[in-house]
Each structure stands twice: as C-alpha cells, then as structure tokens.
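Following: one structure in structure tokens, then a few remarks.
The values are calculated or read from the model by the stated rules, or taken from the named source; none is laboratory data. Quick caveat: nothing in here was measured; it's all calculated off a predicted structure. For neighbour counting, all protein chains shown are included, and Cβ atoms are generated from backbone atoms with ideal geometry for every residue, glycine included.
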Amino acid sequence: MTAQTVPVLASSLRSNVASTVNSLENLMASPQFNKAHTIQIQSVIQSLQKVSAYVADIQIHLAGTNAVCTAVLHTQISQSLSECSLALGPMLKQLQRLDGTNVDDASGEFWVHLGRLTATHSRLFDFYGELLRKGDETLQNDALQSSVGDERISQATDASDEASEAVDIFDRDATISLPIREKNPPSEAAHSQQPAEDHEIPPTYGAPPPYSPSQDNAGEGSSAAGAAADETQSGGWFSIDGIKKSMAAIASAMKSKPDPFVPALCEAIARGDVEQAKLFISQGAKLNGYNENGDQPLKVAVMCGNPVMVKLLVDAGAPMVIDKRPAVFGAAKLGKIQMIQIFLDYGANLHETDITGKPYFVDVVRKGNYAGIKHLLELGADANAEDITGQPVIVLAAHADKLDVVSTLLDHGANANATDITGQHMLATAILRSNHAMIDLLLQRGATTSARDVVGNEALAILVTRNEVDLVFRFLERGANPNAQDMHGVPCLAVAVEKGNLDIARALVNHGAKTKVKTMVGQPVLICAMTSKKMDHDSKVDLIEVLLSNGAPTKVKDAFTSRTAMQVAQDMGDARIIGLLKKYATA
C-alpha cells in the first residue's frame, strides 16, 4: 500500500469541499430553489468551510520551515484526514444531487450524520492545529494521549463510521438514532482484556403499555425529538456555531415515529413472551420496523440473548440485519456468541462486504466485543481483512491498543509486520506510544526489528533517541542492525554518543556498530564524546575508551574548530583522555 502524505490528503479533501460548496451556492441561486431552505443550506456550507479552514491551517503549519510535528502526531493527522475524506466524500457527492426541486425530499438522517461528521472533525482538526502551534514535541504527544485528545479522536472516528450508513441523501425510510454512551463498558466486557471504551447502552424494556396510534404517542415522539435537539444545542455532537440549531431542527422534524405494534412486539421479545410475540406478528407488526428507541425487533431479541425469539423472527421473515449491517456481525459486536451461530445456520456469510467492498468484519474489530471478534475468527473470518484504505484489521486493533484482539488476530494468521495508511509499522507505533506490552507481543510473534515509522526512522533509532535502554538491549539481542539510522541518515551510535548514553553506546559497539561515524552536524563521535556535557567525567572517559578500543580513529578534527582530537584533549587539560588517545593512536 502506498503511503499518502498529509499535504496530499489535505489538498484532496479541501478540493472536494470547495467543489461541493460551489455546487450548493449555485443551488441557492437557482430560480426553482425554495427559499425556506436557505438557512439550512447556508449552515451546511458554513460547516464544510470550517472543516476546510482547519485543514488549511494544518497545511500551513506543516509547511513552515520551523515546523515541529512528532511522528505520532503526523500519523494521527494523516489517519484522521483519511477517515474524514472516506466518510465525507460520498456525502459530498450526494449533496451535489440536490437541485431546486428536491431539497424537500432529503433524508433527515443524512443531515444529522453530515452535521456530526463536520462538527467532530472541525473540533479535531482545530485540536491538531493547536498542537502544531505549540511547537513542543513533548506537549504534542502528551496532548494526544490525554482524555481530551482521546475523546476528540474517538468522536470523529465514530462519526465517520456512522456516516457510512447515510450514503443516500434521499433515503426517506432512515431512522435517526442519537447514541447514548457510557464510560464504563457493560459486564460482558469483563471477558476482554482491552481498555474500557464507549459502548451503546441497550434500552431497558419494561411491561408494554397498550398500543394505540393516538395523538399522545405522536406527542411523545415530538417531545423526544425536542429533547434530542435540546441536548444537541447544549454541547453534544453539534459544537460548531451556525449548524447547531438548523441541524437539530431537521433531526426533530424528520425523526421517525414508532411503527404500529413494533414497540409492543419488542416488549414481548424482551420479556421472552413467545405467544404474545406471535400474536403481534400475526396482527401485522412490521418486522423491519422500529420501536421508540430506534431498535428493530431482531436487534432487541439479540440484545436479550433469546435464541427462540431470534428464530421466531427470522422464520417469520424478519430481515437478518442489525443497525444496517448483517445480523451476524451485529451479534458479534454485542458479544452474543450463541446468536452468531444461529445466523450462520440461516446462511450468513462471514466474508460479506458493504457497498464499498469493505468487509463487515472490519467494523467488528474496530468497535466490537472481544468475545465476538474471537468467535468470528474461530469460525473462519479473515484475520487479514482490510478497510477501504487498505489497512489490515490488525493495524486498527493495534492503534486502539487492543492487545487481546491483536494477539488473537495473530493466532489466526494476521501479519505482525503490517503497516498503516502512512506506511508506518505497527511496531514503530507501539514504540512511539511506549506501549511495552504491544512491543513484547509483536516481537514475540515475528515483527521485524527493522520496522520504520512514518518519517523513515528505524525502530532501533527511535529507541536510542528515546533512551530506551532495556528495549535497545532486547532489539539488539533479537538481531537488530546496530548501524540502523534515523530519518536523517545518522547512525544509532552517533545518536547515543550525542545523548551521552554510555550503556546504549557500549551495547551498540558490542553488537558491531561502526565507530567511524559522525553526528548530524558532521562531528566525529570521538570528539562529540570528548566535548559532551551530558555525562560525568568517569562516564565520558569510559565512553571514549569504548570507542577507541573498537576502532574509532584518533586522527579526526573538530567539525567547528578544525582542531585535532589530541589538540582538543590538550585544550581541556585532561590527562586521562590524552593518555587514551596516545594508547590507541591511529595513522
């Protein structure tokens, strides 16, 4: 897979946005355009322009001659730009289908997903721009790993995933579902060793009230929609001024009402009342309809773990779909193992893909339950499945620090040397994140010690730069090249000497590192060690002897003063160093 740079991704995204904005402006100028939609379309234009502006800000900062951007931040920016482009691209094409006569026919769900997507990515790209303006590598990495950074990234990723469900702007049968999330995963997640993450809270179903399509029910639906709009305006998904009110109003107006008999059917399913469920089905309950929580009967049956109800619904003709995905994958995401087998018995395909060609298994790995992922793999799901960008699922799991998922994928044939969209190896990502458990796992399972990060640093060079003494030793013992170089072509030994790390320098030399090398500014490592202010005198002398005893030439000159090593030592008045230079004098 060819790595795409941030400038390429950013320029492509901004170009697509500009084209769509131009199309929408022409739409509003059309004689057939209904002026009642002016605020709505202007809000969409404004939200798209804000995304483009924040992306442009990132481009400007990265193009600066003194730009500071860590490899981790660069990788994350590239990943986010790619996700945004893949999710927004189809939606931009759909927007260009609008003309003066069909704006009224647009799906409410489409507007909601577009609003979430632009709002979350505007916040995220603004966050990246702020980190670039700081110009401090430590602050950048710390901010990315903070709760704020994690929240902004995860919200944007979730919005991208959800946007894939709204590719048709004229899908009038769509149901808006504003997710409710909790910070502590449900008890089923206790079976997984992965870090806690947000999970959708299944609704609690009590005894069903008698159903009647009265005005009261309609009022409740409007009230719920209004509450969702209020929540939205108070700082939920729509955090960008200018789209909050219009998007919330659209969501409220377009929100589907519960289908007749479906709420009662779902309550019967939740109670396990088979006879009552059969009765509602016989009376015409819509098997692909929705209850007041936006759930279809089959999803309720799966969430309740009731195989009898699942079979009853499927036999009665219920589509095997959960949240617009094949039910077998919906069951896996919920960790309902027994349900998975039922759907397979009914002919479900573990290798099914969506309209873009992406395997549905990818979504399970990205956000699903560990038990469900493991079970699908055991049943034959492809451990090397790729998302639409060509990234293997193991990379997605590794980026999410899901150690147990990565381990299980490796058990089923995944590649320990897989790379992300930027070309960065998983091992390099784990090193940059100081994820020692992931590093250990990948090394044990065959990851190459010559893995590189997005800017070309070899793994060993990254470790030396970060003074990771123990890991340097382990990598060398596993055959890492002691002459590995960083992105500037500087050998690891020169980096270690410049940092004054005697232990790492000695280990590199003992494993065959060449001593006739220079630092990035052209300083011979011997003179760099002699003039170092990062070591005490004894350590400095020890390092000099390590270099000289392993072939470092003594007839070298200071890159700045042109004085020889002996002259530098004499200027320092250091008898011990002078003695070592005489002892190991070279021609």
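Out of ARG116, ARG123, which single residue is assigned to a helix (DSSP H, G or I) and either buried (at least 24 other Cβ atoms within 10 Å of the Cβ) or of a type in the set (Phe, Trp, Tyr) (or both)?
On inspection, the qualifying residue turns out to be ARG116.
Do we find a residue being without any contact (Cβ under 8 Å) to a residue 12 or more places away in the chain, over 14 Å from GLY500 (Cβ atoms) and under 52 Å from the mean Cα position of the chain (by Cα) anywhere in region 512-520?
no
Within region 326-368, can you find the residues that are of a type in the set (Lys, Arg) and either touching a Pro at 6+ places or on another chain (Cβ under 7 Å) or within 16 Å of VAL300 (Cβ to Cβ) (or both)?
If the condition is that a residue be of a type in the set (Lys, Arg) and either touching a Pro at 6+ places or on another chain (Cβ under 7 Å) or within 16 Å of VAL300 (Cβ to Cβ) (or both), then LYS333, LYS336 are the ones that fit.
Answer yes or no as to whether THR65 is modelled with pLDDT under 90, touching an Asp or Glu at 6+ places or on another chain (Cβ under 6 Å) and β-branched (Val, Ile, Thr).
Spelling it out, it is not the case that THR65 is modelled with pLDDT under 90, touching an Asp or Glu at 6+ places or on another chain (Cβ under 6 Å) and β-branched (Val, Ile, Thr).
Would you be able to say whether some residue in region 16-36 is touching a Leu at 6+ places or on another chain (Cβ under 9 Å), closer than 28 Å to THR419 by Cα and assigned by TED's automatic domain parsing to the domain that holds LEU114?
Taking every residue of region 16-36 in turn, at least one turns out to be touching a Leu at 6+ places or on another chain (Cβ under 9 Å), closer than 28 Å to THR419 by Cα and assigned by TED's automatic domain parsing to the domain that holds LEU114.
Pairs needed: first member in region 336-348, touching a residue at least 24 places away in the same chain (Cβ under 8 Å); second member anywhere, basic (Lys, Arg) and surrounded by 14 or more Cβ atoms within 10 Å (Cβ to Cβ); C-beta distance under 8 Å; at least 6 residues apart or different chains.
Cβ pairs passing all conditions: ILE342/LYS311.
Taking LEU81, is it of a type in the set (A, V, I, L, M), modelled with pLDDT under 90, closer than 30 Å to LEU432 by Cα and part of a helix (DSSP H, G or I)?
no
Restrict the check to region 380-399 and report whether at least one residue is at pLDDT 95 or above, buried (at least 18 other Cβ atoms within 10 Å of the Cβ) and touching a His at 6+ places or on another chain (Cβ under 6 Å).
Within region 380-399, one or more residues are at pLDDT 95 or above, buried (at least 18 other Cβ atoms within 10 Å of the Cβ) and touching a His at 6+ places or on another chain (Cβ under 6 Å).
Listed residues ILE527, ILE504; which is closer than 22 Å to THR448 by Cα and in contact (Cβ under 8 Å) with a residue 12 or more places away in the chain?
ILE504
Could you check, for region 95-103, whether at least one of its residues is touching a residue at least 24 places away in the same chain (Cβ under 8 Å), assigned by TED's automatic domain parsing to the domain that holds GLN59 and touching an Asp or Glu at 6+ places or on another chain (Cβ under 8 Å)?
Within region 95-103, none of the residues are touching a residue at least 24 places away in the same chain (Cβ under 8 Å), assigned by TED's automatic domain parsing to the domain that holds GLN59 and touching an Asp or Glu at 6+ places or on another chain (Cβ under 8 Å).
Give me the pairs, please: first residue somewhere in region 19-40 and touching a residue at least 24 places away in the same chain (Cβ under 8 Å), second residue anywhere and of a type in the set (Ser, Thr, Tyr) and crowded, with 17+ Cβ neighbours inside 10 Å, beta-carbon distance under 9 Å, and either six or more positions apart or on two chains.
Cβ pairs passing all conditions: VAL21/SER52; ILE39/SER246; GLN40/SER246.
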